[in-house]
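Participant: Right, I'll just put the structure down here and ask away after.
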Amino acid sequence: MTATRVLVLNSGSSSVKYQLLDMRDHSRLAVGLVERIGERTSHLTHTRLGEERATRERGGPIADHGAALEAVAEELAADGLGLDSPDLAAIGHRVVHGGMFFTEPTVVDESVLTEIERLIPVAPLHNPANLTGIRTALGLRPDLPQVAVFDTAFHTTMPEHAARYAIDGRIADRYRVRRYGFHGTSHAYVSRATAELLGRAPEDVNVIVLHLGNGASASAVRGGVCVDTSMGLTPLEGLVMGTRSGDMDPAVIFHLRRVGGMSMDEIDTLLNKRSGLFGLCGDNDMREIQRRIDAGDAQAKLAFDVYVHRLRKYIGAYCAVLGRVDAVVFTAGVGENAAAVRRAAIEGLELFGLAVDEERNAVRSGEARLISPDSARVAVAVVPTDEEMEIATQTYALVANGTALEDHS
Ligand code: AMP
């Protein structure tokens, strides 16, 4: 019997998210999350899906990623879905930074691990955790193909004029300073799903994807190929996010260093963890911000307005980048749920052929859907993202064609 299951692992600095999928019918068999790894209050939530749906939780310390993955393996085994199952075809790992080197999902071997390690200076928070996850999984199932799926890969098609910063080229090359972009699996999945929603081939449609979660990024996708994206060397550039500033005059950093006397680490923390919506109003959750706006809170309203203003600038910019736009699509936590953000982002853009139908926009649904009026020249859509499904699909496509399986047999 052919193995058709893929375990997707998303290892963060102190957490591991996982999903077990069956690629025969794209069903999810189990999902779970290990949080606060390395703390005394670690917590694992595991849900078996399907007819015998059940959720189990465990508390108590989980010392490191190794212990976390072993706990995940135990939970899966308790449901008869263990890592030793012959049905398991591969493990797919989310890896945040693949630099310019990784343009495709890649079966992991020693040289791949070395290259991911070499990219740690440009992704100091993410790549070490991703590596630990891969190494631990290799320890548990050394015989199984492990596939790295990179957040940056979808954006490696960006032309040089979009990827280059206008700085000394020799310095940029020496330190690998360029725009890489992130959330690539989401932009890939959502741009394809949008073409499907429009009943057209991905090669035939130009889409602006707005991935608005706690992290947020926009991308311009021409005929299924990314031509620009808002995040850069790191995920700090671009849109206003939950806790990241997004675009800013880089001289703000010199100013805070020289005049404010702040250390580089303090500025790094300020811009990545204490800025964005949180910096502007003390909350990074759009639900809370909307509640405060409804209660007449001026600070929350300003945060919302700054967020939307930046978003509109990117929509305009990407209309110019693409020339012809077939769809603008909202996704991720804010994009899928916050009708007020969608309305404010599109309002008054009739000149660009963009409009939102109030009734359609107000509908709450987990389905991909159009929110523009039938008469609109450009479709406006909401398409729920599914990064785990995309990672599983890319992983399975790689191992099911035989090469990876042969390598590891
Ligand atoms: P994500 O990173 O995609 O999981 O998105 C998380 C963010 O989505 C949260 O921080 C909230 O700001 C936002 N969000 C989630 N649910 C809602 C909702 N019902 N309405 C508005 N914003 C939401």
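FYI, it's all coordinate maths here, none of it is from the lab. Worth saying up front: this structure is predicted, and the values here are computed from it rather than measured. Neighbour counts are summed over all protein chains in view; Cβ atoms, including those assigned to glycine, are modelled from backbone coordinates with ideal geometry.
Participant: Using R₀ = 25 Å, calculate the FRET efficiency as 1/(1 + (r/R₀)^6) where r is the Cβ-Cβ separation of D204 and T157; round to 0.05.
Facilitator: The value I calculate is 0.90.
Participant: Could you check what % of the DSSP bridge pairs in the chain are antiparallel, to the nearest 5?
Facilitator: 70
Participant: Run the numbers for K273 and M100: contour at 0.36 nm per residue of separation, minus the present Cα-Cα distance, in nm.
Facilitator: 59.6 nm
Participant: Under 13 Å from a label point 7 Å along Cα→Cβ of R40: give me every residue in the stretch 49-83 with its amide N that close.
Facilitator: Counting only backbone N, you get 60-62.
Participant: Still on this structure: Can you tell me which aspartates and glutamates have their Cα less than 15 Å from the Cα of K273? Leave out same-chain residues fewer than eight positions away.
Facilitator: E237, D247, D265, D283, D285
Participant: Just order 93-105, 162-174, 380-392 by mean Cβ neighbour count inside 10 Å, highest at the front, would you?
Facilitator: Result, highest mean Cβ count within 10 Å first: 380-392, 93-105, 162-174.
Participant: Using only the alpha carbon atoms of the chain, find the Kirkwood hydrodynamic radius as the inverse mean reciprocal pair distance, in angstroms to one decimal.
Facilitator: Hydrodynamic radius (Kirkwood, Cα only) of the chain equals 22.4 Å.
Participant: Here is a further query. Using the alpha carbon gyration tensor of the stretch 213-313, what are the three equivalent-ellipsoid semi-axes (square root of 5 times each eigenvalue), largest first, in whole Å?
Facilitator: With the √(5λ) rule applied to the stretch 213-313, the semi-axes are 23, 22, 10 Å.
Participant: Report for the stretch 38-181 the percent antiparallel among DSSP-assigned beta bridges with both residues inside it, nearest 5.
Facilitator: 60
Participant: Okay, moving on. Taking amide H atoms as placed 1.01 Å from N in the peptide plane, list the residues 5 or more away in sequence, or in a different chain, whose amide H sits under 5 Å from that of V95.
Facilitator: Long-range HN contacts for V95: V149, F150, D151.
Participant: From the backbone phi of the stretch 340-350, what are the Karplus-calculated ³J(HN,Hα) couplings (6.51 cos²θ - 1.76 cosθ + 1.60, θ = phi - 60°) in whole Hz, Gly and Pro given as x?
Facilitator: In residue order, the calculated couplings are 5, 5, 4, 4, 5, 6, 9, 3, x, 9, 4 Hz.
Participant: Using alpha carbons only, how many degrees (0 to 90, rounded to 10) separate the axis of helix 65-78 from the longest principal axis of the chain?
Facilitator: 70
Participant: What angle do you read, to the nearest 10 degrees and between 0 and 90, between the alpha-carbon axis of helix 184-197 and the longest principal axis of the chain?
Facilitator: Compared with the principal axis, the helix lies near 70 degrees.
Participant: Additional query: Could I have the simple spin-label model distance between L140 and R312, label points 7 Å from Cα toward Cβ, reported in nm to one decimal?
Facilitator: Distance between the two pseudo-spin positions: 4.8 nm.
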